[in-house]
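Shown next, in structure tokens, is the structure this report addresses.
Values in this text are rule-based calculations from the coordinates and carry no lab data. Note that this is a predicted model, so its numbers are computed, not measured. Neighbour counts are summed over all protein chains in view; Cβ atoms, including those assigned to glycine, are modelled from backbone coordinates with ideal geometry.
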Amino acid sequence: VRARVAALLAFALVAGCATVPQNRRAHFADPMMSLTGEPLDAARRQKLYDTREGAAGGDGAPAGGGCGCQ
Amino acid sequence: VTHRIVALAAALAVAAAPATTARAEGEAPAPPALSLGEADILGSIGAFHVESVTTRVTSFDQFGHGYQAQGGRTAVDPGSERATIFEPQLEVDATQGSRIKHRVLVPIDVVTNASADAIDLVTSASRHVESGAIDWTTTYKLDAASEATVAAGLHLENPFRSWHGGLGISHAFADGDTVLSATFLEAFDWFDRFDIHGGRHGRTDRSSTTGSVGLTQIVTPTTLVNLNYGVTIQRGELGNTWNSVPLTTFDRGPEDLPGERVRHALVGRLAQFLPWNGALHLYYRLYADDWGLVAHTGEIELLQRLAPIVYIGAVYRLHTQTGVDFFSVRADPGAARRTADSDLAPFEAHTLGGRIAFDVSMTSGGPRALHLEVGYDRYFRTNDLQINVVTCATGFRF
């Protein structure tokens with residue numbers, strides 16, 4: 001797993017050396033390209049999974065808080 | 001920023017000094033000797049402008065059984081986890097000048113058969129629960145490439161209070177191709193302690209501290225990736241206090257959990273624009289904690305634009321997890337640690353979903369765009385839990 005993570009990080013960093021010009025980033029403005037989705041939709045999905053699975057937390061969202069079932 | 005703070009402090013000092021003197025001498029206050037314009041003092045802090053208002057209503061209809069629940073056919077059989085949840089949400093996005101952005105989220109939950117898996121079989125304390133929360137995030141643009149974020153929120157529920165606050169910072173490199181971010185979040189929960197017979201025994205609490213770092217990278221003109229690693233440390237009462245555990249003696253005892261949990265998560269996301277006016281989203285999450293639970297979550301979502309104002313989406317999500325080391329559906333009464341919580345058991349969970357969204361431009365006065373969305377998700381687990389989720393959103397962009 002560590003090797004794969006290192007490879008992915010290296011790929012991302014190397015890719016960062018080739019800048020994509022501003023005028024070629026139009027597709028990223030499309031709502032379909034949002035990495036995290038519409039905030040309310042993301043929030044209700046996250047709440048469902050956080051309260052029904054034992055794997056919440058760690059990625060920027062609070063674990064606990066809310067329904068008290070963590 | 002320093003320059004503005006100094007200017008603001010100087011203006012306040014200059015303005016306050018004559019007023020204090022005048023009050024001391026019983027005279028009318030004199031105008032300040034130095035008059036700075038609002039723009040000089042506040043810089044780009046300007047009027048409040050609402051950018052968008054979105055509402056979403058979601059209903060969750062849950063069926064299933066869990067061993068932590070009482071009320072099965074015998075004392076050690078799994079009980080019902082039936083619950084229905086109605087969740088309206090509100091989101092307001094606003095700007096304050098050119099540097100400050102605000103986002104306010106207000107979810108409200110109306111839950112019936114709440115805790116059907118627990119004490120409601122012996123008390124009606126939470127058979128019907130209404131809860132509300134507010135989460136306010138403010139982002140300040142430090143310069144062309146950096147932003148700082150402050151977040152705060154609270155959650156109110158009948159037997160439960162929760163507060164959280166956080167800080168974040170991000171910096172863009174390579175003309176915005178690469179964004180590095182770091183966040184810190186602290187949550188504190190304060191809630192009633194029950195026993196498995198429904199008796200109330202004062203209050204208890206827990207804290208959750210989360211730190212995370214992230215990297216977002218534009219790889220090609222149509223490809224965006226994100227990597228995120230975070231760790232959460234929780235301390236205090238980490239259960240809901242009323243979950244029960246079937247025992248080898250054919251009765252039930254209370255759940256017994258450790259007082260600390262360290263949780264790690266590594267997340268990768270990819271968004272790929274497709275030549276036929278569609279988008280592909282891939283998501284993978286690896287999770288591990290010191291209770292022995294390891295989870296893998298993968299998700300694939302395909303979106304397709306059918307017309308300039310409408311697109312559809314389909315999603316599949318797979319979650320697999322090992323149980324925690326001390327999970328048992330028939331525990332020894334002398335066991336130091338034990339839980340029968342079905343959420344901490346080994347299982348696979350699947351989500352199948354679809355949605356359709358409309359983005360309509362409006363030319364008359366008022367909102368400049370209208371967003372409408374309807375979606376459905378079916379969530380089902382291998383350890384007897386199913387949830388039907390229906391969601392509907394309406395948004396206005398100004």
Inset, instruction - Post the alpha-carbon centroid distance, segment B:324-352 to segment B:148-200, in whole angstrom. - result: 26
Legend entry - Assigned charges on the beta-carbon of Lys, Arg, Asp, Glu; segment B:50-100 dipole about Cα centre (debye): 120
Inset, instruction - Just rank B:60, B:273, fewest to most, by other beta-carbon atoms within 10 angstrom. - result: B:273, B:60
Legend entry - Sorted by Cβ density within 10 Å, fewest first, the residues B:291, B:242: B:291, B:242
Inset, instruction - Evaluate peptide B:220-233: per residue, the Cβ atoms of other protein chains within 10 Å of its Cβ; return the mean as an integer. - result: 5
Inset, instruction - Using only Cα positions of segment B:167-209, each an equal point scatterer, no hydration layer, compute I(q)/I(0) via Debye at q = 0.21, 0.25, 0.29, 0.32 Å⁻¹ and quote the log10 values to two decimals. - result: -0.76, -0.85, -0.94, -1.01
Legend entry - segment B:275-398: Cα Rg divided by the 2.2 N^0.38 Å rule of thumb: 1.51
Inset, instruction - From the P(r) of segment B:210-308, can you give the percent of Cα pairs sitting at distances over 22 Å? - result: 54
Inset, instruction - Determine by what factor the alpha-carbon radius of gyration of segment B:223-278 differs from 2.2 N^0.38 Å, reporting the quotient. - result: 2.07
Inset, instruction - Determine the sum of side-chain charges near residue B:203: Lys and Arg each +1, Asp and Glu each -1, restricted to other residues whose C-beta is under 11 angstrom from that of residue B:203. - result: -1
